[in-house]
Structures are given as C-alpha cells and as structure tokens.
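Remarks on the structure that follows.
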Amino acid sequence: MANTETKPDTAYRMTGYKLDENGRSAWTSYEVPLVQTSPLSSMSERQVGETWGLGFSQNTPKPYNLNEMHITNRMAIVWVMSGHLETTVQSGEMRRRSPGHGNLVHGLCQHHSTMRSTVPSTTLSLNLTSTPVDNYPFK
C-alpha cells in the first residue's frame, strides 16, 4: 500500500486586487504562509492590524450606484460572514464571495462592491496598514 500520510498546507491562497501595468485594478492572488500547529492543522503567523470592524448591509433587489468605484487608501482583508458580496474591479471582472471567503483589498485599487443575497450581508474587516503596499508581505 502507498503511504497516504496527510500533512497540513504550508500556504493559503487569498484573492485580492493589484494594480496592473496600466495602473488599473485587476484581480490577483496572495500567498499567506502557514505554520503547522498540529499533525492536521496549520495557521498563519499573527498579522499586525490597525483596526477591525463589522459591516451590516441590507440587500436591495435593485442595487444603486452600480458604476461607482472607490479606493480605501489602506490595506485590509474583508471576510464575508453572511450573505454574498459581488466585487467588480477596473478590468471589468466581477467575483462573488460567500461566507468564509476572504479578500485582500489593496488601498489604491478602484473597486465596487454590491451586496447580492436573500439575507443581509455581514462583513468582517481587518485594516492592516494606513498606507497601501504592493505585494503585501504577509508574515
């Protein structure tokens, strides 16, 4: 029999935004290094954050400001806790996230988020830095 020993992952791939070669926001992924904490689990090192907050959004069947794009001027990770969140970046690509999905927000990347769900959307935001950083260095 083959050895089927299971080992925990050494990195977590998180979606996020980046600035492309033309200075427009586009989707990318970030690698978060993980440390083994038991034979079958791992987690990241402690990430330094400035602030955190919960967001509660009532959904509407007809979203308003569909073309409004904004920047945050800070690095953050936003997790969807309930409902769904659709985010469009300047490249025109939209991604839909559901509970448990995190997304790295690059503070200089224009984006638009819409809550599309039959239940209210709840998000948890961890603000990492006050200054946007290309290729954010996760610990």
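For segment 40-54, give me each residue that is within 20 Å of PRO132 (Cβ to Cβ) and outside any strand (DSSP E or B).
GLN47, VAL48, GLY49, GLU50
Would segment 34-47 turn up any residue that is touching a Lys or Arg at 6+ places or on another chain (Cβ under 9 Å), among the aliphatic types (A, V, I, L, M) and surrounded by 11 or more Cβ atoms within 10 Å (Cβ to Cβ)?
No, because not a single residue in segment 34-47 is touching a Lys or Arg at 6+ places or on another chain (Cβ under 9 Å), among the aliphatic types (A, V, I, L, M) and surrounded by 11 or more Cβ atoms within 10 Å (Cβ to Cβ).
Return the pair list, or none, for Cβ contacts closer than 7 Å from residues in segment 24-41 that are at pLDDT 90 or above and among the β-branched types (Val, Ile, Thr) to residues that are in a strand (DSSP E or B) and open to solvent by 30 Å² or more (accessible area, probe 1.4 Å), at least 6 apart or on different chains.
From segment 24-41, the pairs are THR28/LYS18; VAL32/ALA11; VAL32/TYR12; VAL32/SER44; VAL35/SER42; VAL35/MET43; THR37/MET43.
Mind telling me which of the residues VAL105, VAL119, VAL133 ends up being among the β-branched types (Val, Ile, Thr) and under 18 Å from TYR12 (Cα atoms)?
VAL105
If we only count strands (runs of 3 or more DSSP E) wholly inside segment 64-133, which ones have 1 or more residues that are open to solvent by 60 Å² or more (accessible area, probe 1.4 Å) and among the aliphatic types (A, V, I, L, M)?
So the answer is 75-82, 94-97.
The values are calculated or read from the model by the stated rules, or taken from the named source; none is laboratory data. Keep in mind that what you see is a predicted model, and the values were worked out from it rather than measured. Glycine also receives a Cβ, built like all others from the backbone with ideal geometry; neighbour counts cover every protein chain displayed. For accessibility, only protein heavy atoms count, side chains too; no ligands or nucleic acids. Shrake-Rupley method; radii C 1.70, N 1.55, O 1.52, S 1.80 Å.
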